[in-house]
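Data block below; observations after.
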Amino acid sequence: MGVVVNRISPLLVSDLCRDHELEYAGKEEKRVRAGGPVSPEHGLVLYGAEHEGLDGQQVVGDLHVSASKESLAALCSLRSGRFHCFSGHAGWGPGQLEREIGEGTWVVSPASPKTVLDTPPEEVWNEALRTLGIDPTAMVPGGSEEA
């Protein structure tokens with residue numbers, strides 16, 4: 001299971017909260033992110049370790065995830081906080097992700113709260129490449145006709 005971290009959906013977090021009868025105290029323009037095509041009716045929230053006491057699970061380092069309404073309510077009631085709401089997730093069949101990585105379909109970079117929580121979505125791809133020592137401006141678009 002994975003989550004696409006750089007796609008914005010048209011849904012505002014304030015509207016998501018209103019639909020679920022939750023208080024929202026954050027920035028009005030904050031949007032839900034499109035986490036992937038699997039189960040878009042279900043949501044997840046990714047958040048930083050500074051939000052102690054929530055019922056989520058550590059993903060890696062200081063990055064945590066929860067699918068509970070209680071965690072969503074707690075985070076959305078804050079005026080500011082490092083978290084993003086996602087609708088849906090990505091999924092792969094047995095061996096599919098490993099095969100795709102082996103084929104070069106994916107560029108794998110370390111997950112970090114800085115990239116996932118602090119970087120604007122339109123800059124996530126470039127930031128992930130930079131963490132690998134790759135200059136995004138040096139990449140040449142392309143691919144095979146089979147792709």
Review point. About the Cα centre of segment 29-108, what is the dipole size in debye to 20, counting +1 per Lys and Arg Cβ and -1 per Asp and Glu Cβ, all else neutral?
Key: 300 debye
Check your understanding: Amide H to amide H, which residues 5 or more places from Leu11 or on other chains are under 5 Å from it, using H placed in the peptide plane?
Key -> Val32
**Study point:** Label-point separation, Arg99 to Lys27 (7 Å along Cα→Cβ), nm
**Key:** 4.1 nm
Exercise for review: Determine ³J(HN,Hα), in whole Hz, for all residues of segment 78-85 in sequence, where each value follows from phi through the Karplus function 6.51 cos²θ - 1.76 cosθ + 1.60 and θ = phi - 60°; x replaces Gly and Pro.
Suggested key: 7, 5, 8, x, 8, 7, 9, 9
Review point. Residue by residue, what Karplus-based ³J(HN,Hα) values in Hz, rounded to whole numbers, does segment 47-64 have, using 6.51, -1.76 and 1.60 with θ = phi - 60° and x for Gly and Pro?
Key: 8, x, 5, 5, 8, 5, x, 7, 8, x, 10, 5, 8, 7, x, 9, 10, 10
Review point. To the nearest 20 debye, what is the magnitude of the charge dipole of the chain about its Cα centre, counting +1 on the Cβ of each Lys and Arg and -1 on the Cβ of each Asp and Glu?
Key: 220 debye
Study note, to complete from the structure: Binned at 5 Å starting from 0, the alpha-carbon pair-distance distribution of segment 1-81 in whole percents comes out as 3, 14, 26, 28, 22, 8, 0
Exercise for review: Please name which of Trp92, Val59, Pro37 has its Cα lying farthest along the dipole of the chain towards the positive end, using unit charges on Cβ (Lys, Arg +1; Asp, Glu -1) and the Cα centre as origin.
Suggested key: Val59
Practice item. Of the listed values (i) 53, 30, 20; (ii) 48, 30, 28; (iii) 56, 44, 22, grab the one calculated as Cα extents along the principal axes in Å from the structure here. Key: (ii)
Check your understanding: How far is it, in nm, from the label point at Ser109 to the one at Asp135 when both lie 7 Å from their Cα along the line to the Cβ?
Key -> 1.6 nm
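Bear in mind these aren't lab numbers, they're just calculated from the coordinates by the rules spelled out. On a predicted model such as this, the values are computed, not experimentally measured, just so you know. All Cβ positions, glycine included, derive from the backbone under ideal geometry; neighbour counts span all protein chains shown.
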